[in-house]
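> Quick one: the structure is below, questions incoming.
The values are calculated or read from the model by the stated rules, or taken from the named source; none is laboratory data. Predicted model only: the values in this text are computed from it and were never measured. Cβ coordinates were reconstructed from backbone atoms using ideal geometry, including for glycine residues, and neighbour counts include every protein chain displayed. Ligands, DNA and RNA are excluded from the accessible area calculation, which covers all protein heavy atoms including side chains. Shrake-Rupley method; radii C 1.70, N 1.55, O 1.52, S 1.80 Å.
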Amino acid sequence: KLVTNSQFRILKAAACDKDVEPLTKIANHHKLVERGIENIKDIDSKIGGQLGRKTGARYRVYKRLDNYYEDNKDTLFVNDSIKRAIEDIYKYPLKEFARETFNRQLKSGISDEDLANLAASLREEGKLSIIEEDEEVKYKEPKIICSLGLKNKE
C-alpha cells in the first residue's frame, strides 16, 4: 500500500540511531519494490511525469506530436528532425520562447502536421529546449539505486 511520495517523510521514517541492529530482508522485498515502481509509473502517467501538468504546453505538445508520430511513422510526413524534436521535448524543459509560441499556436488550433514542423523548426534554430552541454550525453531515465525496507514499530 502506498503511504507517501514525500522523500522527506520516507527518510524521516527510516532514521535510526547508529547502534540499531539491522533487520534481515523480508522474503517479498523485491516484489514490494516492483509494486512501488508500478505505483510510480501509474502516478506519472496521470500527472504527466517529467512533462509537467497535463494543461502545460510541454505536455500537450509532446502528447500531440507523439500521437502524430505514431500515426504517420511510415509515411513521408514524419522525418528525423521531427523525431528528434519530440525526443528533446520529452527530455528537456522548453525555452520560454518555445513555450509561448506553442501556447499561442495551440490556442489558435494549429494542425498536428504544422505543430510537428514548428517543433522541428524551433529545434533546428536552437529555440526549442534548454539543453546543458554536459546533459546531452547523460541517460535521463530514473534508476533504483537503493531499495530500503522499513518495518512498523511493534
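> Report, by residue number, each residue of region 10-25 that is in a helix (DSSP H, G or I), farther than 12 Å from Ser147 by Cα and in contact (Cβ under 8 Å) with a residue 40 or more places away in the chain.
Across region 10-25, the qualifying residue is only Ala13.
> Report, by residue number, each residue of region 94-105 that is outside any helix (DSSP H, G or I) and open to solvent by less than 60 Å² (accessible area, probe 1.4 Å).
Leu94
Quick grid of which residues meet (1) at pLDDT below 90; (2) open to solvent by 90 Å² or more (accessible area, probe 1.4 Å); (3) among the acidic types (Asp, Glu):
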position: Lys18; (1), (2), (3): yes, yes, no
position: Leu32; (1), (2), (3): yes, no, no
position: Asn39; (1), (2), (3): yes, no, no
position: Thr75; (1), (2), (3): yes, no, no
position: Lys107; (1), (2), (3): no, yes, no
position: Asp112; (1), (2), (3): no, no, yes
position: Ser121; (1), (2), (3): no, no, no
position: Glu125; (1), (2), (3): no, yes, yes
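Let's see how each residue does on (1) basic (Lys, Arg); (2) within 30 Å of Glu124 (Cα to Cα); (3) touching a Cys at 6+ places or on another chain (Cβ under 8 Å); (4) not in a helix (DSSP H, G or I):
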site: Ala27; (1), (2), (3), (4): no, no, no, yes
site: Ile37; (1), (2), (3), (4): no, no, no, no
site: Arg58; (1), (2), (3), (4): yes, yes, no, no
site: Arg84; (1), (2), (3), (4): yes, yes, no, no
